[in-house]
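Step one of this worksheet: look at the structure below.
The values are calculated or read from the model by the stated rules, or taken from the named source; none is laboratory data. These numbers were taken from a predicted model, which means no experiment stands behind them. Every residue, glycine as well, gets a Cβ built from its backbone with ideal geometry; the counts of neighbours run over all protein chains shown. SASA here: full protein model, heavy atoms, side chains in, ligands and nucleic acids out. Shrake-Rupley method; radii C 1.70, N 1.55, O 1.52, S 1.80 Å.
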Amino acid sequence: QEGVIVALTKSGYIKRMAAGTFKSQRRGGKGVTGMSVKETDNIRLLTNANTHDALLVFTNKGKVFSLKVWELPEGSRTSKGQAIINLINIDPDEKIQSILPLSRKESDIKDSYLFFTTRQGTVKRTLLSEYQNIKSNGLIAINLSKNDSLVWVNQTTGNHHILLVTRDGKSIRFRSEEHTSEL
């Protein structure tokens, strides 16, 4: 078991790197290249995980896939990674919206939830334990209306406060334990 960093680019390339790849720098440090990408590409999602974790991959169409972190291609800081469409079966017009590491420890899953938010303001809270056994062709995590898409998924204990902010600067804050509702 070792700590790793999982990086996914906007164009869909994924890789894992040892957590020690990036070191703390002192004042005046110049930084290091985190990943080599095409000029029109950039890193979209980044998370830390353990090699024994599962990685939940959520798409804009409300589907979720599960990958084993140790099966992700290992890369150096500057390597591009592998196209995620080679690892999971998604449609060409589907985009990855969130990646979440899922520990296999029962204590980490027991009282945890996934909190979903869609573009049209629908929110949903589901027990994390429902996502432990996902088949290779994925699972529908949230049913979406015709013109809606999944925007954001995150893990919560049910005691967190959620703050959603619109592009126009409007916001709403509520406890994640409150019932599922439309905003």
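When you scan the range 56-87, how many residues do you find that are within 17 Å of Ser129 (Cα to Cα) and open to solvent by 70 Å² or more (accessible area, probe 1.4 Å)?
Applying the first criterion (within 17 Å of Ser129 (Cα to Cα)) to the range 56-87 yields 56-58, 63-68.
From the residues that got through so far, the ones that are open to solvent by 70 Å² or more (accessible area, probe 1.4 Å) too are 68.
Within the range 56-87, residues that are within 17 Å of Ser129 (Cα to Cα) and open to solvent by 70 Å² or more (accessible area, probe 1.4 Å) number 1.
Given the criteria hydroxyl-bearing (Ser, Thr, Tyr), modelled with pLDDT of 90 or more and part of a strand (DSSP E or B), does Ser66 qualify? Spell out the reasoning first.
Numbers: hydroxyl-bearing (Ser, Thr, Tyr): yes; modelled with pLDDT of 90 or more: yes; part of a strand (DSSP E or B): yes.
Yes.
Do you know which of the residues in the range 114-146 that are in a loop (DSSP other than H, G, I, E, B) and among the aliphatic types (A, V, I, L, M) is surrounded by the most Cβ atoms within 10 Å (Cβ to Cβ)?
Residues of the range 114-146 that are in a loop (DSSP other than H, G, I, E, B), as a first pass: 119-121, 132-138, 141-146.
Then drop every residue that is not among the aliphatic types (A, V, I, L, M), which leaves 134, 141-142, 144.
Numbers: Ile134: 19, Ala141: 23, Ile142: 20, Leu144: 19.
Top of the filtered list is Ala141.
Can you pull out every residue in the range 165-181 that is under 13 Å from Lys124 (Cβ atoms) and either surrounded by 10 or more Cβ atoms within 10 Å (Cβ to Cβ) or of a type in the set (A, V, I, L, M, F, W, C) (or both)? First the steps, then the outcome.
Restricting attention to the range 165-181, the residues satisfying the condition of being under 13 Å from Lys124 (Cβ atoms) are 176, 178-181.
If the condition is that a residue be under 13 Å from Lys124 (Cβ atoms) and either surrounded by 10 or more Cβ atoms within 10 Å (Cβ to Cβ) or of a type in the set (A, V, I, L, M, F, W, C) (or both), then Ser176, Glu178, Thr180, Ser181 are the ones that fit.
Looking at Glu177, is it assigned to a loop (DSSP other than H, G, I, E, B) and farther than 14 Å from Asn60 by Cβ? Explain how you work it out, then say what you get.
Working: assigned to a loop (DSSP other than H, G, I, E, B): yes; farther than 14 Å from Asn60 by Cβ: yes.
When the stated conditions are applied, Glu177 passes them.
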